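Every number here is computed from the coordinates shown, using simple stated rules; none is lab data. Because the structure is a prediction, the values reported are computed rather than measured. Cβ placement follows ideal geometry from the backbone for every residue including glycine, while neighbour counts extend to all protein chains displayed.
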Amino acid sequence: MTGSMPAELAILAQLLLNGLALGAAYALVALGFVLILNATGAINFAQGDMVMLGGYAAVALARILPVPGLVLLPLVMLAMAGFGLLFSALAWRPFRQRPPIFGLLATVALGLTLQEAMNAVEGAAPQAGPTLFGPGEIRFGPLGLSGAALGILIACLMLGLTQAWLLGRTQFGRRLRAAAQDPVTARALGLPVDRLIAASFMLATALAGAVGLLLSGPYFVTPTAGNDLILRAYIAVTIGGWGSLKGAVAGALLIALFESVVAGYASSTIATAALYGAVLLLLLVRPAGLFPAPLGRRA
Amino acid sequence: MIRPAPLIGLAICGWLLAVLLLGSGYEQRLMALAAAAALMAIGYQLVFGQAGALSLAQGACFAIGAYGAGILSRLGWPLWAELPAAVLAPAALAALAHVPVRRLDGHFFALATLGFAVLVRLVAVDAQGLTGGANGLIGVPTFGRGPGAMLVGWGVVGLAAALALWLKRGDPDLARASGLDPSRIRARGFVLAAGFAGAGGALQAHVLGLVSPDVADFQVMVGCLAMVVIGGRGSVVGAVLGALLIGHLPEWLRPLGASYRIAYGLGLFACLLVAPAGMIGTLETVWPSRRALGATAPAPPAPVGRGLRLEGLEKSYGGIAVLRGVALEIRPGEIVGLIGPNGSGKTTLVNLISGLDRPDRGTIRLGDRPLDRLPPERIALAGVARSFQSPAPPDRMSPLDLVTAALAARSGCAGFGAAAALQPLHRQARGLLRRSPSSDIARALALDPAILLLDEPAAGLDADARARLGLLLRALADEGRGLLVVEHDMGFLMGLADRVAVLLDGRIVRVGTAAEVRADPVVRAAYLGTAAC
């Protein structure tokens, strides 16, 4: 308690700070979701399960290599990128000529398979993964942020910026966006559209893997951990404007802040219920989300 | 005319009878539980199978029915009051949940229903006073031992199946083609489905004698999805079959222990991969092929022998002449290629023939019949069908819907509810879709045209698909149809077209075999040279 900041305000600020770290993690999940959405027009219901898989990959790696999470992060992302390639071959390639509902159902089926497989291998009990820097708390005046939360915040910021640079500033990113925007023209211009779509999957799963590692430390990982995340990502992308990258990040942050504050004053159950109620209300008032994507970019 | 669905229905009845007469109490109880799942799956066909909307709330509605029956019966409500309440409660909540998304796209609907399911689960687990929380509700009255529960359960399934078949008689595919509001169809399906699921949940509560919070797990929803996809989307019998298979899966895979659920996921995926139409749908596509050969092959393509003759066609847009007197004949059994540089008027010509635009001057005749003053739909029914360069099908109409609608239009039953025999149309439509490289060409073929106009059919196809397209076009011509193929790519027309017409600045400057046209110096200079082929 300090004189400069009333206690009430300090609590609110602390809740918002906690929400920010979680929001950054949600944002990466939502970014992966939008990447695949834009590349294929399909909803990837397994995006949350990718996070779960990344979490278990981190747990497994940490058992073999007792090094800080920061060292494991690139390894997990690499492994998950490889998995993303496999996933695109299973969930997208065979279904690309069919109506989008089939691709969506395929991701539901594969996500379920992943959950059950991890349940069989690791059991339903929560497992703790590595933390980026180890325990400890950093204090900013009256506010405290755990090392894990700070790690999540910094890592997500770096990954988010890297991705923005990759998509916005590199030739690879331009090609990726071109293939997503107009696959027919992109193909006619000689772009390897199929490979670019596979690359989108790899990028999306690598991001999910990173989130998995980041969350596995402070929040543990269970086989069904992805279910809550996919709902959050779905909501973030919907309120952010279907298909908009910036909107997805904004939506994810908004959700996390909202949940963190409501959960702080009431309970996490009420927070989830209120979140969903708020989303329905929002859809009633602003059907295209908070930051609507231009017409024609919606799936 | 025995079709697979009724046959499977009979087989299911046989299976049920055998279990009822010979099975153990445990097997009968398993069957009664499968009946509860079947009710949920039958209902799901009305929203997912029919209205084509991905609802993720069906499991939650099942849970509401189960909790409703559990809570009310423990309060002492008699069965006759408690069961309708267990059906109405999820239906009413579903109606409420649909309001905010009623005008929105499919993915908003999926999200809204997913959120609905999350809320139901939260209430089930956290509202201890109402639902018993993690302990659930015990002491729900049961329908007696195995045979009683099984009889009641499958009796209700029989009624529900009949009701669902009756509800399905006015098919939304045609309704959509006739301009009815798809969002109302979705809302109706969603609310009805919720009622069916509620009945299923209530049945399960009374068979088990308890309600556990597991009933609100997302697994129930995934199970329902699996039943419908594996059984056959849109088919009532398929839903029942799926429910029976999924219901018995843990029993059959008992050696695998708890990990039998991996088989769920993999089975669902494999089914999507190899048999996306599900067991019933796949059976129906395989089944009639043998009979259809006998039944439909002798029926000749009716319009054989009518050629299309264009004379003096002129068209200008705002003073710019696009066509300046085009004359062309497409004879039955002939493939005519139409080439020309960009802006030479190829698509305009196709638009004039198909009636999307009117010629300023000139005539278009099919056989003896003048077409140039008919509206597009009459021209299509008269026997001139076209495909589009970039088809823009109406929202939410699947390729199957479109082709079925075209088939229905041709057989003259395009009114809503007038189509009693939709299954054969669906079957025929699936056949056409298999045969055609694109759904738009299948739609055009559904009209059984004498003349088929194809606007750049090979655009965007790889070499393999092009070869298949070529074979299809040749086969169509051999059936006596005349084909006009607009193409940029000379290579595709070489060896395919009997004659190639070159359109240049609104006039046909040359007609001849592909080789002749290719060798023509005027054509080379104007077109082939720039197209570098």
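General observations
- With each label modelled as a point 7 angstrom along the Cα→C-beta vector, the A:Ile270-A:Ala7 pair spans 1.9 nm.
- Distance-filtered residues of region A:61-95 - backbone nitrogen under 12 Å, label point 7 angstrom along A:Met158 Cα→Cβ: A:69-75
- Test item: Cα-centred dipole of the protein assembly as shown, Lys/Arg +1 and Asp/Glu -1 on Cβ, debye: 1300
- Residue exposure proxy: A:Phe140, B:Phe218, A:Phe172, ordered by other Cβ atoms within 10 angstrom of their Cβ from fewest to most, comes out as A:Phe140, A:Phe172, B:Phe218.
- Helix-only mean residue ellipticity at 222 nm for chain B, each DSSP H run of n ≥ 4 adding -39500 (n - 2.57), per residue, nearest 500: -18000 deg cm²/dmol
- Length-normalised contact order of chain A in % [C-alpha pairs under 8 Å, at least 6 apart]: 35
- Note on A:Thr170 and B:Tyr317: with the Förster distance fixed at 51 Å, the Cβ-Cβ geometry gives a FRET efficiency of about 0.70.
- Here's how it looks for B:Gly506: its modeled amide H is under 5 Å from none belonging to a residue 5 or more places away or on a different chain.
- FRET efficiency, B:Arg358 to B:Glu479 (Cβ-Cβ, R0 35 Å, nearest 0.05): 0.70
- With all projection directions averaged, the alpha carbon convex hull of the protein assembly as shown covers 40.3 nm².
- When B:Val517, B:Val322 are sorted by how many other C-beta atoms sit within 10 angstrom of their C-beta, beginning with the fewest, the order is B:Val322, B:Val517.
- Averaging 1/r over each pair of different alpha-carbon atoms in chain A and inverting the result gives 19.6 Å, the Kirkwood hydrodynamic radius.
- Taking every residue in A:98-110 and counting other chain Cβ atoms within 10 Å of its Cβ, the average works out to 6.
- Computed Kirkwood radius, in angstrom, where 1/r is averaged over Cα pairs of chain B: 26.1
- Taking the Cα atoms of region B:308-531, the ratio Rg/Rh between the radius of gyration and the Kirkwood radius comes to 0.97.
- Spread of Cα-to-Cα distances over 5 Å intervals beginning at zero, given as percent, for region B:419-460: 6, 22, 26, 23, 13, 7, 3, 1
- Additional length obtainable on full extension of the chain from B:Arg331 to B:Ala85, 0.36 nm per residue less Cα span: 81.9 nm
- When the Cα positions of B:Ala36, A:Leu114, B:Leu469 are compared along the charge dipole of the protein assembly as shown, B:Leu469 comes out farthest toward the positive end, with charges on each C-beta of Lys, Arg, Asp and Glu.
- Radius ratio Rg over Rh of region B:42-216, counting only Cα atoms, Kirkwood formula for Rh: 1.00
- Quarter of the Cα convex hull surface for region A:72-131, i.e. its orientation-mean projected area (nm²): 5.1
- Legend: mean number of C-beta atoms from other chains within 10 angstrom of residue C-beta atoms, peptide B:117-127, equals 3.
- The order of B:Ile42, B:Ile262, B:Ile230, B:Ile339, going from fewest to most other C-beta atoms within 10 Å of their C-beta, is B:Ile262, B:Ile230, B:Ile339, B:Ile42.
- Here the 3J(HN,Hα) profile of region B:432-443, calculated from phi with Karplus coefficients 6.51, -1.76 and 1.60 at θ = phi - 60°, is 5, 5, 5, 6, 9, x, 9, 5, 5, 5, 4, 4 Hz, Gly and Pro shown as x.
- Taking amide H as placed 1.01 Å from N in the peptide plane, the amide H of B:Val322 sits under 5 Å from that of B:Lys315, B:Ser316, B:Tyr317, each at least 5 places away or on another chain.
- Farthest towards the positive end of the charge dipole of chain B, among the residues B:Pro399, B:Ala327, B:Ala501, is the Cα of B:Ala327, using unit charges on the Cβ of Lys, Arg, Asp and Glu.
- Dipole of the protein assembly as shown computed with +1 at Lys/Arg Cβ and -1 at Asp/Glu Cβ about the Cα centre; of B:Ala514, B:Gln204, A:Ala39, farthest Cα towards the positive end is B:Ala514.
- Kirkwood hydrodynamic radius of region A:1-156, from the reciprocal of the average inverse Cα-Cα distance over all distinct pairs: 17.9 Å.
- Extension gain, B:Leu165 to B:Ala270: 0.36 nm times the residue separation minus the Cα-Cα distance gives 35.0 nm.
- For A:Thr131, distant residues with modelled amide H under 5 Å away: A:Gly69
- Gain on full stretching of the segment that runs from A:Ala125 to A:Arg96 - 0.36 nm per residue minus C-alpha separation: 6.8 nm
- Helix screen, chain A: DSSP H segments with Cα axial length of 20 Å or more and mean Kyte-Doolittle hydropathy at least 1.0 are A:7-40, A:69-91, A:100-122, A:147-169, A:193-219, A:225-240, A:245-265, A:268-285.
- Placing +1 on the Cβ of every Lys and Arg and -1 on the Cβ of every Asp and Glu, with no other charges, gives region B:3-157 a dipole of roughly 120 debye about its Cα centre.
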